[in-house]
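Undergrad: If you scroll down you'll find the structure; I have some questions about it.
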Amino acid sequence: MALHGRADAVWSAFCLEGILRRGGRLERAAAVLGAIGRQPERIPRAEVAGRRAIVARGAGDLGEAASHLGVVVACGGADGPQMLGIQALLEGRSGVAARHFGALLPGAPGSQESTPPWAQRGFGVALLPVRD
C-alpha cells in the first residue's frame, strides 16, 4: 500500500490490486481499480475492465463480472472471450466456449495478429466430447 501511495500510478494500482485480490480483500481490490479512472495516465479500458471482472468473479458476482467482460469484448480485448470461454466450459456449454475461443484464432473476423495464450487450448478442450 505504501508503494502505491508513493507512486500513485496505474502500474502500482495493478500491483496493489493483485496483492489485495490474492489476499481475499476483494472489496478493497475493487476500490483500488475504481480509482484508476482518476489517474492522469491513459490505460486501455479493456485492461482495467478485465481486472475488475476477475475481482468480481472472485467475489462470486458473476453478473458484475459478465458486465466488465462485455466491456473487454467491446474494446477488442482478448481476455474477455478467454474468460467467457472458460466460464462456459465450467458450465458445460462447450458450443458457447468454442465460439468464444474460436473468435480469437487466426483467421477469425477481427482476430488479433498473435493468438492469445489460451485460445487454441480452450478451443480444443471445447471440441472434446462430454462424458457423463
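The values are calculated or read from the model by the stated rules, or taken from the named source; none is laboratory data. Keep in mind that what you see is a predicted model, and the values were worked out from it rather than measured. Note that we place each Cβ from the backbone using ideal geometry, even for glycine, and neighbour counts take in every protein chain shown. Keep in mind that these areas ignore ligands, DNA and RNA; they rest on the heavy atoms of the full protein, side chains included. Shrake-Rupley method; radii C 1.70, N 1.55, O 1.52, S 1.80 Å.
Undergrad: Using heavy-atom solvent-accessible surface (probe 1.4 Å) with all chains present, what is the largest-first order of 128, 105, 89?
TA: 128, 89, 105
Undergrad: Another question, if that's okay. Loop only by DSSP, 10 or fewer other Cβ within 10 Å of the Cβ. Give me the trypsin sites (Lys or Arg not before Pro) in region 64-132 that pass, ordered by residue number.
TA: When the trypsin sites (Lys or Arg not before Pro) of region 64-132 are filtered for loop state and at most 10 Cβ neighbours within 10 Å, 131 remain.
Undergrad: Another question about this same structure. Report, largest value first, the span of the C-alpha coordinates of the chain along each principal axis, in whole Å.
TA: 51, 34, 20 Å, listed from the longest principal axis down.
Undergrad: Picking from 97, 65, 31, which is most flexible by a Gaussian network model of the chain using Cα springs under 10 Å?
TA: In this elastic network of the chain, the residue with the biggest mean-square fluctuation among 97, 65, 31 is 31.
Undergrad: Order 64, 27 by their accessible area, 1.4 angstrom probe, all chains in place, largest first.
TA: From most accessible down to least: 27, 64.
Undergrad: Dipole magnitude of the chain about its Cα centre, charges +1 at Lys/Arg Cβ and -1 at Asp/Glu Cβ only, in debye to the nearest 20?
TA: So the magnitude is around 180 debye.
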